[in-house]
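J.: Below is a structure I'd like to ask you about.
The values are calculated or read from the model by the stated rules, or taken from the named source; none is laboratory data. Note that the coordinates shown come from a computational prediction; the quantities given were computed from them, not determined experimentally. Here the Cβ positions follow ideal geometry from the backbone for every residue, glycine too, while neighbour counts run over all protein chains shown.
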Amino acid sequence: MEETLKDKTTKLAFSKSIDIALKKIKKDPVRGMEDITDIMDKYIMPKDAEENSAKHALDRIRGEFSDPTSKWASFAEDIVNDIDDNVLKQFIMTVAYNAVYKGNSKRNQLQKEYNCNIPWTILFDPTSACNLACTGCWAAEYGHKNNLSYEEMQSIVRQGNEMGSYFFLLTGGEPLVRKKDIIKLANEFNDSAFHIFTNGTLIDDEFCEEVAKAGNISFALSVEGTEESTDFRRGDGVYSKVINAMETLKKHKLLYGVSVCYTSKNYLQVTSDEFIANMIDHGCKLAWFFHYMPVGNDADVSLLPSPDQRKYILKRIREIRSGSSPHKIYAIDFQNDGEFINGCIAGGKNYLHINSQGDMEPCVFIHYSDSNIRDNTILEALQAPLFMAYHDNQPFNDNMFKPCPMLENAGKLTKMVNETHAHSTDLISPEDPKDLEGKCAPYAKEWNKTADDMWEIRKEERTIKN
């Protein structure tokens, strides 16, 4: 997407305004954050009447930042002081300016033109290789057999940029097996942001120095909870290596957080005050929480949370994220935050997944595809039958606590896969969607009443609030 003179002028003005505001935050956090909010209002927020919700959100943020006792004002001050200036500035430019401001305009244009989903972010796997052998993970068994070439990764990012996508998530395998290529990619596409889900064991000082120079890379490190639970699944000594990696990232003032999969076994542990405080002490600024998904023929359904457990998790993570919580960390609940993004975000609505053999999948948890990056462009895949089935059926439920076509809406994924003739992309043991449905159906039935009761309460709360 070639920049016009107006685009360049606006970007320069935005950049200079951010520089001034970040310097002010170090002297006067409240005034500095008010300036940041004003900049976002001027340059980022949509001005049409249909986007009143975004305006209301910004007003709430402005209110938080104007309060010197606010957790979020203090959190913002910590980020400015703890994160390298180049990394923080690059994050704001790539995410706020490119991905939100410039990118959303292009995405909206293409969605109208092609009548299909256009993703805000793209998740891709540079490799199937991993240096660990975690229990229950296919990567350890499949090994080094699949890799996206550097040219293919270039193409994914370039195509994303052309569609208005400037935020890229990397997973695997272990993506840092390819860390030289990732640094190269980040430097080549320095107007994009790269957020890497990693086991953390390959992070060292030399790599961190390169990341700081690039400025547009951040991390989410996988932890299972305690040292005992992490080492049980990932191997002896892994927890210690992850903590050491966090300390190395912290020393280099990089931006990172923790990634957690919650299950029926660990849900109390990974949402405890002790765990959250420990991650914050080790420098984490964000926490990704993922609901366990029974994907794969050998998946253990006993790890699925019960309705009461999931209800607890939902409330607990929102409590951690709230302004009244003492924990200065931003928590994201992938499954339970559907109400804020109108349900399922997959199928290109907000994101899609490209695995290490080039298959374009609707979601990282949905191992079915009808398009491959080696045969089709991303835009072609978004217009292909499987992604269009997502487009035409989203949201999959009027209850935003039941967003997923696989987990909470048993039968919908099976129908879409069969009608579009998509194939399984599982690298070890291809799974029939009907078998996957059989594992999810009892869970969906149990969750249904709890979810419906919770959604009625949320609707009443929203009505009162509005």
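J.: Pull out all pairs, ordered by first then second residue, where Cβ-Cβ is under 6 Å, the residues are six or more apart or on different chains, the first lies in region 84-113 and is within 15 Å of H195 (Cα to Cα), and the second is of a type in the set (A, V, I, L, M, F, W, C) and in a helix (DSSP H, G or I).
T.: I92/I18
J.: H353 is checked against (1) of a type outside the set (V, I, T); (2) at pLDDT 95 or above; (3) out of contact with any Asp or Glu (no Cβ under 6 Å at 6 or more places or on another chain); (4) not in a loop (DSSP other than H, G, I, E, B) and fails just one. What number does that condition carry?
T.: The single condition H353 does not satisfy is (3).
Residue-wise test of (1) closer than 24 Å to L169 by Cβ; (2) part of a helix (DSSP H, G or I); (3) in contact with a Leu (Cβ under 7 Å, 6 or more places away or on another chain); (4) not β-branched (V, I, T).
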residue: S218; (1), (2), (3), (4): yes, no, yes, yes
residue: F232; (1), (2), (3), (4): no, yes, no, yes
residue: K241; (1), (2), (3), (4): yes, yes, no, yes
residue: K253; (1), (2), (3), (4): yes, no, no, yes
residue: V260; (1), (2), (3), (4): yes, no, no, no
residue: C284; (1), (2), (3), (4): yes, no, no, yes
residue: M293; (1), (2), (3), (4): yes, no, yes, yes
residue: A299; (1), (2), (3), (4): yes, no, no, yes
residue: K315; (1), (2), (3), (4): no, yes, no, yes
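J.: Turning to a different aspect of this structure: Sort out which residues of region 1-21 are within 29 Å of R107 (Cα to Cα), surrounded by fewer than 18 Cβ atoms within 10 Å (Cβ to Cβ) and aliphatic (A, V, I, L, M), and write them in order of number. Let's see the steps before the verdict.
T.: We begin by selecting, within region 1-21, every residue within 29 Å of R107 (Cα to Cα); these are 1-19, 21.
Okay, now just the ones that are also surrounded by fewer than 18 Cβ atoms within 10 Å (Cβ to Cβ), so 1-10, 12-13, 15-17, 19.
Residues satisfying the conditions are M1, L5, L12, A13.
J.: Tally the residues that are among the acidic types (D, E) and either in contact with a Cys (Cβ under 7 Å, 6 or more places away or on another chain) or crowded, with 24+ Cβ neighbours inside 10 Å (or both), restricting the search to region 336-366. Explain how you work it out, then say what you get.
T.: Kept after step one, since they are among the acidic types (D, E), are these residues of region 336-366: 337, 339, 359, 361.
With the extra rule that they be either in contact with a Cys (Cβ under 7 Å, 6 or more places away or on another chain) or crowded, with 24+ Cβ neighbours inside 10 Å (or both), the set shrinks to 359, 361.
Of the residues in region 336-366, 2 are among the acidic types (D, E) and either in contact with a Cys (Cβ under 7 Å, 6 or more places away or on another chain) or crowded, with 24+ Cβ neighbours inside 10 Å (or both).
J.: Please verify whether region 262-281 includes one or more residues that are touching a Lys or Arg at 6+ places or on another chain (Cβ under 8 Å) and farther than 29 Å from I345 by Cα.
T.: no
J.: For region 64-105, give me each residue that is among the charged types (D, E, K, R), under 28 Å from T10 (Cβ atoms) and over 21 Å from the mean Cα position of the chain (by Cα).
T.: The first filter runs over region 64-105 and keeps only residues among the charged types (D, E, K, R), leaving 64, 67, 71, 77-78, 82, 84-85, 89, 102.
Then keep just the ones that are under 28 Å from T10 (Cβ atoms); that gives 64, 77, 84-85, 89, 102.
Those that are among the charged types (D, E, K, R), under 28 Å from T10 (Cβ atoms) and over 21 Å from the mean Cα position of the chain (by Cα): E64, E77, D84, D85.
J.: Take the residues in region 176-201 that are over 19 Å from the mean Cα position of the chain (by Cα) and not in a helix (DSSP H, G or I); name whichever of them is farthest from W120 (Cα to Cα). Show your work before the answer.
T.: First, the residues of region 176-201 that are over 19 Å from the mean Cα position of the chain (by Cα): 177-181, 183-185, 187-190, 201.
Within this subset, residues satisfying the condition of being not in a helix (DSSP H, G or I) are 189-190, 201.
Details: F189: 16, N190: 17, T201: 29 Å.
Going through the qualifying residues, I end up with T201.
J.: While we're here: Spot the failing condition for N117; the list is (1) at pLDDT 90 or above; (2) in a helix (DSSP H, G or I), and only one is missed.
T.: N117 satisfies all of (1) at pLDDT 90 or above; (2) in a helix (DSSP H, G or I) except (2).
J.: Just for helices (runs of 4 or more DSSP H) wholly inside region 362-466: which have at least 1 residues that are modelled with pLDDT of 95 or more, small (G, A, S) and closer than 30 Å to R318 by Cβ? Spell out how you get there, then give the answer.
T.: Numbers: elements: 378-382, 385-393, 412-420, 433-465.
Of the helices (runs of 4 or more DSSP H) lying wholly inside region 362-466, those with at least 1 residues that are modelled with pLDDT of 95 or more, small (G, A, S) and closer than 30 Å to R318 by Cβ span 433-465.
J.: With respect to the numbered conditions (1) over 16 Å from W447 (Cβ atoms); (2) surrounded by fewer than 24 Cβ atoms within 10 Å (Cβ to Cβ); (3) of a type outside the set (A, V, I, L, M, F, W, C), which one is the sole condition not fulfilled by S369?
T.: (2)
J.: Now a separate question. Can you confirm whether region 377-394 contains a residue that is more than 30 Å from W455 (Cβ to Cβ), in contact with a Leu (Cβ under 6 Å, 6 or more places away or on another chain), crowded, with 18+ Cβ neighbours inside 10 Å and not β-branched (V, I, T)?
T.: The initial filter retains those residues of region 377-394 that are more than 30 Å from W455 (Cβ to Cβ), namely 377-381, 383-385.
Within this subset, residues satisfying the condition of being in contact with a Leu (Cβ under 6 Å, 6 or more places away or on another chain) are none.
Checking region 377-394: not a single residue is more than 30 Å from W455 (Cβ to Cβ), in contact with a Leu (Cβ under 6 Å, 6 or more places away or on another chain), crowded, with 18+ Cβ neighbours inside 10 Å and not β-branched (V, I, T).
J.: Filter region 177-202 down to the residues that are closer than 17 Å to W288 by Cβ, in contact with a helix residue (DSSP H, G or I) (Cβ under 7 Å, 6 or more places away or on another chain) and free of Cβ contacts under 8 Å to residues at least 60 places away in the same chain and list them by number.
T.: Once the filter is applied, which keeps residues that are closer than 17 Å to W288 by Cβ, in contact with a helix residue (DSSP H, G or I) (Cβ under 7 Å, 6 or more places away or on another chain) and free of Cβ contacts under 8 Å to residues at least 60 places away in the same chain, region 177-202 yields F194, I196, T198, G200.
J.: May I pose another question? Closer than 21 Å to L123 by Cβ and modelled with pLDDT under 95: does that describe S229?
T.: Values: closer than 21 Å to L123 by Cβ: no; modelled with pLDDT under 95: yes.
When the stated conditions are applied, S229 does not pass them.
J.: Going by the structure shown, is I156 aliphatic (A, V, I, L, M), within 18 Å of I373 (Cα to Cα) and out of contact with any His (no Cβ under 9 Å at 6 or more places or on another chain)? Don't jump to the end; show me each part of the working.
T.: On the way: aliphatic (A, V, I, L, M): yes; within 18 Å of I373 (Cα to Cα): yes; out of contact with any His (no Cβ under 9 Å at 6 or more places or on another chain): yes.
Against the criterion (aliphatic (A, V, I, L, M), within 18 Å of I373 (Cα to Cα) and out of contact with any His (no Cβ under 9 Å at 6 or more places or on another chain)), I156 qualifies.
J.: State yes or no: is Q383 over 30 Å from R458 (Cα atoms) and in contact with a Phe, Trp or Tyr (Cβ under 7 Å, 6 or more places away or on another chain)?
T.: On the way: over 30 Å from R458 (Cα atoms): yes; in contact with a Phe, Trp or Tyr (Cβ under 7 Å, 6 or more places away or on another chain): yes.
Answer is yes for this residue.
J.: Could you say whether any residue in region 410-419 is more than 23 Å from D337 (Cα to Cα) and among the basic types (K, R)? Spell out how you get there, then give the answer.
T.: Let us first name the residues in region 410-419 that are more than 23 Å from D337 (Cα to Cα), namely 414-419.
Pick out the ones that are also among the basic types (K, R) and you get 415.
The answer is yes; a qualifying residue exists.
J.: Would you point out which residue out of N266, N342, N372, N278 is free of Cβ contacts under 8 Å to residues at least 60 places away in the same chain and on the phi > 0 side of the Ramachandran plot? Step through it out loud before you land on a result.
T.: Numbers: N266 fails: on the phi > 0 side of the Ramachandran plot; N372 fails: on the phi > 0 side of the Ramachandran plot; N278 fails: on the phi > 0 side of the Ramachandran plot.
Of N266, N342, N372, N278, the one residue that is free of Cβ contacts under 8 Å to residues at least 60 places away in the same chain and on the phi > 0 side of the Ramachandran plot is N342.
J.: Ok, one more. crowded, with 21+ Cβ neighbours inside 10 Å, in contact with a Ser or Thr (Cβ under 9 Å, 6 or more places away or on another chain) and of a type outside the set (A, V, I, L, M): does that describe F194? Show your work before the answer.
T.: Values: crowded, with 21+ Cβ neighbours inside 10 Å: yes; in contact with a Ser or Thr (Cβ under 9 Å, 6 or more places away or on another chain): yes; of a type outside the set (A, V, I, L, M): yes.
Criteria met by F194.
J.: So which pairs qualify, if the first residue must be in region 156-175 and assigned to a strand (DSSP E or B), the second must be among the aromatic types (F, W, Y), the Cβ gap must be under 6 Å, and the two must be at least 6 apart or on different chains?
T.: Final answer for the pair search is F168/F194.
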